[in-house]
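Colleague: My questions all concern the structure below.
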Amino acid sequence: MNELMNHTADMGQAEMFSKAWYNEYFRRAAESPAHARFCEAVYGRDLCQHGMMDVEEMDFLASLLKTGEKVLEIGCSNGHITEHLHEKSACNILGLDYADIAIAQAQARTRDKAATLNFRCADLIQDELPGDDYDVILSIDSIYFMGDYNKTLAKLNAKLRPGGRMIIAAFQVKEDSDPDTILLPGHTRMDEALQALSFRYVQHDFTQNIRNHWIKNYEFSRTLQSEFAAEGNAFLCEARMAENGWFKDHAERGTLVRFMYVIDHNADLAQG
Ligand SMILES: C[S@@+](CC[C@H](N)C(=O)[O-])C[C@H]1O[C@@H](n2cnc3c(N)ncnc32)[C@H](O)[C@@H]1O
């Protein structure tokens, strides 16, 4: 993500991905018909997404969750994905995000499900994560924002029950300075961190999905540009365009991969 952040900073969008930026994004996106159409076209279903997970990957993820499991989702935005997974799996889920406007939207929308579906504001870097003994900790395109992968994995691992698991969906790009092997299963930066900490895990390949995702993301942001503008939501479209050129280039060059890592709790690991 650092490479992308540098790239967007070059485009005069240094504040992109900040808490204030995400609040503005979800304040607008929750009410935007153009955004709903964009998500439907790009992801296959409108869940007010801002990550890279399409419906096929989402269905696979839902199939990994078992009824009644205690799940923590980090970086849940305004919780449409969380709510969808809750509906499909009948888990007991707590979603966390630092964008308080997004969390307020999720809480207001799902009040009648609060027995098993909850949302809370938390900064994943600065705050202690609430609760413990989770069966599953879930991260969909949010792990990049927590800094060092090794430290993050240790922090999340400490919140799992023995026998629990983390499910992390993440992309990897190859920049010119990276070895070709970085795109191979077992060799991404996430793999390196997992292996350094002796985690046992399996990884599922969603590379084709993410490459298709960015090509569609690029295409539909342009197709729907005038609709976004007519709503007064050019911000949303520009936000997408600020990143989709960079990702589409990587998708077309074949220098972008994606994996879902399913990681067993490591009882021997102290919190980093
Ligand atoms: C790329 S979006 C992914 C959102 C959602 N998981 C999805 O796939 O559509 C990243 C999310 O992480 C949240 N986030 C980023 N940095 C954070 C931090 N330090 N603490 C808490 N949430 C953070 C953002 O507010 C945003 O909702």
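Colleague: Enumerate the lysines that K19 could reach by cross-link, defined here as Cα to Cα under 30 Å, with residues fewer than 8 away along the same chain left out.
Modeller: Reachable lysines: K70, K88, K113, K151, K155, K159, K174, K216, K248.
Colleague: Solvent-accessible area per residue for the chain at a 1.4 Å probe radius, Å²?
Modeller: 43 Å²
Colleague: Can you list residues whose amide H is under 5 Å from C91's amide H, if they're 5+ apart or on another chain and H is modeled 1.01 Å from N?
Modeller: Under 5 Å from the amide H of C91 lie the amide H atoms of G68, each far enough along the sequence or on another chain.
Colleague: Which three extents, in whole angstrom, do the alpha-carbon atoms of the range 222-272 cover along their principal axes, largest first?
Modeller: So the three principal-axis extents are 55, 29, 17 Å.
Colleague: Next up: What whole number of Å gives the distance from the Cα centroid of the range 23-42 to the Cα centroid of the range 197-218?
Modeller: Between the Cα centres of the range 197-218 and the range 23-42 lies a distance of 23 Å.
Colleague: Taking 1 over the mean of 1/r across every pair of different Cα atoms in the range 96-189, what Kirkwood radius in Å do you get? Could you put the intermediate results ahead of the total?
Modeller: On the way: mean 1/r = 0.0648 Å⁻¹.
It works out to 15.4 Å.
Colleague: What are the ³J(HN,Hα) couplings of the range 162-167, residue after residue, when phi is run through the Karplus curve with 6.51, -1.76, 1.60 and θ = phi - 60°? Round to Hz, x for glycine and proline.
Modeller: x, x, x, 8, 9, 10
Colleague: How many percent of DSSP beta bridges within the range 2-264 run antiparallel, rounded to 5?
Modeller: The antiparallel fraction comes to roughly 40 percent.
Colleague: Take the solvent-accessible surface of the protein heavy atoms, probe 1.4 Å, and return the percent of it on the chain that carbon and sulfur atoms account for.
Modeller: With neighbouring chains kept in place, the figure for the chain is 48 percent.
Colleague: If I take R0 = 25 Å and measure r between the Cβ atoms of E238 and V55 in this structure, what FRET efficiency does the formula 1/(1 + (r/R0)^6) give, to the nearest 0.05?
Modeller: Efficiency, rounded to the nearest 0.05: 0.45.
Colleague: Under 8 Å for C-alpha pairs, at least 6 residues apart: give me the relative contact order for the range 2-264, rounded to a whole percent.
Modeller: Over the range 2-264, the number comes to 19 percent.
Colleague: Separate question: Using only Cα atoms, what Kirkwood radius does the chain have, in angstroms?
Modeller: Mean inverse Cα-Cα distance, inverted, gives 19.0 Å.
The values are calculated or read from the model by the stated rules, or taken from the named source; none is laboratory data. Computed from a predicted structure; not experimentally measured. Positions of Cβ are generated from backbone atoms using ideal geometry, with glycine treated the same way; all protein chains shown enter the neighbour counts. Surface accessibility is based on the protein's heavy atoms, side chains included, excluding ligands, DNA and RNA. Shrake-Rupley method; radii C 1.70, N 1.55, O 1.52, S 1.80 Å.
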